[in-house]
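The values are calculated or read from the model by the stated rules, or taken from the named source; none is laboratory data. What you see is a predicted model; the values in this text were computed from it and never measured. Virtual Cβ from ideal backbone geometry, glycine too; neighbours counted across all protein chains shown. Ligands, DNA and RNA are stripped out before the accessible areas are found, and what is left, the full protein with its side chains, is counted by its heavy atoms. Shrake-Rupley method; radii C 1.70, N 1.55, O 1.52, S 1.80 Å.
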Amino acid sequence: METAQRIECQWCRSQNLSTARTCDTCGAPLDVRNLVSDSGWREAPRLRDMTEFHFGQSTCQVEGEIVPVAEIALAQGDWVYFEHHVMLWKDESVAMSVMPLKGGVKRAFAGMPFIVSLAQGPGRIAFSRDATGELVVLPIHPGQELDVREHAFLVASHSIGYSYVRIQGLKNILFSGQGMFMDRFLAGGEQGLLFLHGYGNVFERVLQPGESVLVEPGAFLYKDASVTMTVETQKLTTGLFGGQGMNLARMTGPGRLGIQSMYVHHHTD
Amino acid sequence: MAESTYTCRWCRMSTPAADLTSCPTCGAPVDVRDMVSRSGWYELPAVPDMARLQFGRSYCQIEGAYVPVADFNLAAEDSVYFAHHVLLWREPGVNVSAMSLRGGWKRLFAGMPLVMTQAQGPGHIAFSRDAPGEVVPIPLQPGTAVDVREHLFVAATGQVGYDWFNTNVWFQTRDGDDTETHYPLGMFMDRFSAGQQPGLLLLHAAGNAFVRGLAAGESILVKPTALLFKDTTVGMQLHMEHPSGTWRSWRSWGERYLWVRLHGPGRIAIQSAYDHFHDPGSNLSRTSPATVWRW
């Protein structure tokens with residue numbers, strides 16, 4: 001009996017036809033070896049210009065490399081949601097609405113988007129952020145929960161649930177550089193697709209249970225909900241001048257951790 | 001039969017040539033031809049993704065292309081120092097401490113980092129800056145030094161000495177009774193030098209980086225905020241030009257251009273993305289030694 005050969009995508013673990021050059025689920029090149037540093041950080045796959053991949057009945061095409069654009073051809077009945085200021089252009093036929101969010105006052109107070117917009121097919125709509133970086137495509141499998149730093153989220157497919165989590169601990173809120181909340185995305189019974197924009201280059205590392213790494217808080221991009229985050233402060237003193245403090249986020253596994261190389265440094269006293 | 005060697009076109013270091021894809025000292029790729037403009041600027045080749053730069057018993061791996069990360073794998077006896085805000089991540093086992101600097105008040109006043117931070121191996125520690133650009137590795141041979149414009153330094157190995165000096169490139173403007181002093185290059189510049197042992201210095205250039213050698217007496221005018229580094233033998237001076245067809249009003253915006261004149265001998269390097277230097281346009285009351293040209 002003849003069986004069709006399949007290739008597993010090294011980024012999202014989806015199965016692809018052996019003739020495919022890019023993953024049909026996340027767009028990652030299948031014919032390029034992984035770039036993994038000796039310290040264990042894996043570079044997010046650099047999506048080829050004009051790469052296409054699919055979710056539901058819809059198609060996404062990635063355009064450009066320095067500030068990539070995610071252009072989505074929405075099929076009838078499919079919809080996506082996004083922060084309204086990341087929309088680059090859309091067809092007139094794409095219907096727009098807003099997603100009702102709980103805790104609007106708290107979100108407004110915390111500087112998070114008060115309104116999350118919905119776009120429903122049929123039609124084309126495109127998204128991009130405002131700085132050099134990489135489009136990070138993360139398929140969310142049923143039961144998975146992913147925490148994302150605020151304002152890194154670009155767009156998500158309709159099958160992904162959206163909520164937000166309050167960052168625990170006053171020190172974390174004041175010194176983590178993430179604000180009061182993180183976005184949380186979770187897939188219920190159906191796989192969905194989440195698009196983030198990482199500033200600069202994006203790296204991912206899988207932390208084992210109990211394994212930890214200290215990260216500049218502004219560089220944190222995403223993590224599995226199972227990864228914990230606490231802020232540690234180290235005082236750097238130089239006698240008379242008192243010196244400066246250095247805050248780093250201790251991220252402890254198990255789970256995935258994503259960072260971006262271009263970040264806002266958060267000043268300390 | 002003698003073993004063949006490869007001499008890097010960027011750092012001039014010679015190494016055994018077997019199976020090299022990038023220079024083990026500075027990371028410059030070996031398989032690209034020199035990119036030299038007709039005007040003589042040598043485009044610094046981007047360090048290939050995941051290239052390793054060896055120093056002592058440690059090495060630095062360059063990761064990423066848009067905003068590259070310098071990931072050091074430090075052996076127990078090796079250390080690096082850095083300005084603390086460029087730290088991206090570190091392993092918990094890497095020991096980090098403050099390195100005191102002379103002239104704290106002056107540095108504080110000039111907006112330069114008051115604390116330089118030192119990391120001692122063993123373990124991994126990684127650095128990146130906050131703008132798209134290139135990591136510029138500068139291997140320093142014993143007895144050599146370079147001057148670097150402030151806030152471009154990423155990290156240096158423990159063998160590299162650090163000092164700083166007054167640029168003496170400034171001008172004063174007067175507005176009523178207020179006198180303000182401006183420093184187009186910053187008040188101070190960093191100086192990095194290698195004593196008895198070679199060392200490795202890493203800078204971050206915003207945009208692309210270009211290098212050229214100036215012959216003795218040769219000079220070139222450069223936008224002050226584009227200067228990346230220079231050899232210590234290269235002199236610098238304020239230069240002003242007044243274009244023709246402009247007229248002086250109570251404010252003289254557009255009536256002058258400000259440059260830094262760099263004169264050889266020695267290397268200079270510039271970056272293609274630079275900060276805007278704000279010239280308030282007010283009348284000049286005093287300047288550091290300067291050349292002036294009116295068209």
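Can you tell me which residues in the stretch A:187-209 are closer than 11 Å to A:Trp41 by Cβ and open to solvent by 70 Å² or more (accessible area, probe 1.4 Å)?
Residue satisfying the conditions is A:Val206 alone.
Test A:Phe53 against the stated conditions and say whether it is modelled with pLDDT of 95 or more and open to solvent by less than 10 Å² (accessible area, probe 1.4 Å).
Yes; evaluated as a whole, the condition is true for this residue.
Across the stretch A:214-225, what is the number of residues that are within 12 Å of chain B (Cβ to nearest Cβ) and either in a loop (DSSP other than H, G, I, E, B) or within 13 Å of A:Pro254 (Cβ to Cβ) (or both)?
Matching residues across the stretch A:214-225 total 1.
Out of all the residues in the stretch B:262-295, which are open to solvent by less than 70 Å² (accessible area, probe 1.4 Å), more than 17 Å from B:Phe210 (Cα to Cα) and assigned to a strand (DSSP E or B)?
Across the stretch B:262-295, the qualifying residues are B:Leu284, B:Ser285, B:Thr287, B:Ala290, B:Thr291.
How about the stretch B:74-104: which of its residues are within 7 Å of chain A (Cβ to nearest Cβ), open to solvent by 40 Å² or more (accessible area, probe 1.4 Å) and not hydroxyl-bearing (Ser, Thr, Tyr)?
Hits for the stretch B:74-104 are B:His85, B:Glu91, B:Pro92.
Here are some residues: B:Ala70, B:Ala65. Which one is at the interface with chain A (Cβ under 7 Å from one of its Cβ atoms), within 21 Å of the chain's Cα centre (by Cα) and among the hydrophobic types (A, V, I, L, M, F, W, C)?
When all the criteria are applied, what remains is B:Ala65.
Pull up the stretch B:56-75, narrow it to residues that are more than 15 Å from A:Ser39 (Cβ to Cβ) and in contact with a strand residue (DSSP E or B) (Cβ under 8 Å, 6 or more places away or on another chain), then point me to the one that is modelled with the lowest pLDDT.
The extreme case among them is B:Gly56.
For B:Leu114, all conditions in the list (1) at pLDDT below 95; (2) within 11 Å of chain A (Cβ to nearest Cβ); (3) over 17 Å from the mean Cα position of the chain (by Cα); (4) open to solvent by 30 Å² or more (accessible area, probe 1.4 Å) hold save one; what is the number of the exception?
Of the numbered conditions (1) at pLDDT below 95; (2) within 11 Å of chain A (Cβ to nearest Cβ); (3) over 17 Å from the mean Cα position of the chain (by Cα); (4) open to solvent by 30 Å² or more (accessible area, probe 1.4 Å), the odd one out for B:Leu114 is (4).
So how many residues does the stretch A:12-48 have that are exposed (fewer than 13 other Cβ atoms within 10 Å of the Cβ) and within 14 Å of chain B (Cβ to nearest Cβ)?
2
Against the condition open to solvent by less than 30 Å² (accessible area, probe 1.4 Å), under 18 Å from the mean Cα position of the chain (by Cα) and modelled with pLDDT under 95, how does A:Tyr222 come out, does it pass?
So A:Tyr222 fails the test.
Going by what's in this entry, would B:Pro132 be described as in contact with a Cys (Cβ under 8 Å, 6 or more places away or on another chain), buried (at least 22 other Cβ atoms within 10 Å of the Cβ) and modelled with pLDDT of 90 or more?
Here the answer is no, as B:Pro132 does not meet what is asked.
Checking the condition open to solvent by less than 20 Å² (accessible area, probe 1.4 Å) and modelled with pLDDT of 85 or more, which residue from A:Ala126, A:Ala95 passes?
Testing whether each residue is open to solvent by less than 20 Å² (accessible area, probe 1.4 Å) and modelled with pLDDT of 85 or more leaves just A:Ala126.
What residue, among those in the stretch B:29-58 that are free of Cβ contacts under 8 Å to residues at least 24 places away in the same chain and open to solvent by less than 40 Å² (accessible area, probe 1.4 Å), is nearest to the chain's Cα centre (by Cα)?
Filtering first and then ranking leaves B:Pro29.
Going through the stretch A:8-53 one residue at a time, which ones are part of a loop (DSSP other than H, G, I, E, B), under 19 Å from A:Gln260 (Cα atoms), within 20 Å of the chain's Cα centre (by Cα) and without any contact (Cβ under 8 Å) to a residue 24 or more places away in the chain?
Across the stretch A:8-53, the qualifying residue is only A:Leu35.
Search the stretch A:226-245 for residues being open to solvent by less than 10 Å² (accessible area, probe 1.4 Å) and either farther than 15 Å from B:Leu87 by Cα or within 8 Å of another protein chain (Cβ to nearest Cβ) (or both), and hand back the single one that is modelled with the lowest pLDDT.
This residue is A:Leu236.
For every residue, the table says whether it meets (1) hydroxyl-bearing (Ser, Thr, Tyr); (2) in a strand (DSSP E or B).
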site: B:Val154; (1), (2): no, yes
site: B:Asp163; (1), (2): no, yes
site: B:Pro184; (1), (2): no, no
site: B:Asp190; (1), (2): no, yes
site: B:Leu203; (1), (2): no, yes
site: B:Phe210; (1), (2): no, yes
site: B:Ala216; (1), (2): no, no
site: B:Thr225; (1), (2): yes, no
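Could you grab me the full set of residues in the stretch B:30-61 that are within 14 Å of another protein chain (Cβ to nearest Cβ) and small (Gly, Ala, Ser)?
Matches in the stretch B:30-61: B:Ala46, B:Ala51, B:Ser58.
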